[in-house]
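Everything on this sheet refers to the single structure shown next.
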Amino acid sequence: YERCLATAKSIPPCKDKISFIHGDVLEVDLSEATCVFVYLVPEGLKQIEGKLHELLRRGGTRIVSYMFSVPNLNPVEVVSTKGGCKVQLYDCTSLPNEGI
């Protein structure tokens, strides 16, 4: 969290456009979020799966997950870091066909 804050402040075009919330993801209101970065183990991602799906359903929100996939979503892009870790990007097109 502290590293994210320091990095954002060091990038002039970004410093006034980014905010970070350090808290319990089960309790935090993410309704205003346009991008959510998560670094959770699979069990944690499963706990917030519904919350993340809802963010994508409303449109305009992106989710970035470091290391682990978000359950029941198809990433629009997967990038491997130099160390071999996966970073996955999700948007509204990542949602499974819900019979629409």
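Below are the figures for this structure:
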{"read-out": "Odd one out for LYS51 among (1) of a type in the set (D, E, K, R); (2) modelled with pLDDT under 90; (3) open to solvent by less than 100 Å² (accessible area, probe 1.4 Å)", "value": "(2)"}
{"read-out": "Failed item in (1) of a type in the set (Asp, Glu); (2) modelled with pLDDT of 90 or more; (3) not in a helix (DSSP H, G or I), with ASP16 passing the rest", "value": "(2)"}
{"read-out": "Filter pass, GLU32 being part of a helix (DSSP H, G or I) and farther than 14 Å from LEU89 by Cα", "value": "no"}
{"read-out": "Matching option when the condition is touching a Leu at 6+ places or on another chain (Cβ under 8 Å), surrounded by 11 or more Cβ atoms within 10 Å (Cβ to Cβ) and at pLDDT below 95, among VAL76, VAL36", "value": "VAL36"}
{"read-out": "Residue satisfying all of: in the stretch 62-73; polar (S, T, N, Q) and touching a strand residue (DSSP E or B) at 6+ places or on another chain (Cβ under 7 Å); least open to solvent (accessible area, probe 1.4 Å) among these", "value": "SER65"}
{"read-out": "Yes/no for GLY59 being farther than 26 Å from ARG3 by Cα, open to solvent by less than 40 Å² (accessible area, probe 1.4 Å) and either of a type outside the set (D, E, K, R) or in contact (Cβ under 8 Å) with a residue 60 or more places away in the chain (or both)", "value": "yes"}
{"read-out": "Per-region count, the stretch 51-100, residues polar (S, T, N, Q), outside any loop (DSSP other than H, G, I, E, B) and in contact with a helix residue (DSSP H, G or I) (Cβ under 8 Å, 6 or more places away or on another chain)", "value": "2"}
{"read-out": "Condition met for GLU43 (among the acidic types (Asp, Glu) and open to solvent by less than 70 Å² (accessible area, probe 1.4 Å))", "value": "no"}
{"read-out": "Selection count, the stretch 1-33, where residues are surrounded by 11 or more Cβ atoms within 10 Å (Cβ to Cβ), without any contact (Cβ under 8 Å) to a residue 12 or more places away in the chain and not β-branched (Val, Ile, Thr)", "value": "3"}
{"read-out": "Test: residue in the stretch 84-96 that is charged (D, E, K, R), loosely packed, with under 14 Cβ neighbours inside 10 Å and within 21 Å of TYR1 (Cα to Cα)", "value": "no"}
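The values are calculated or read from the model by the stated rules, or taken from the named source; none is laboratory data. Model, not experiment: these values are computed from the prediction. For neighbour counting, all protein chains shown are included, and Cβ atoms are generated from backbone atoms with ideal geometry for every residue, glycine included. Please note that ligands, DNA and RNA were not included when accessible areas were found on the heavy atoms of the full protein model with its side chains. Shrake-Rupley method; radii C 1.70, N 1.55, O 1.52, S 1.80 Å.
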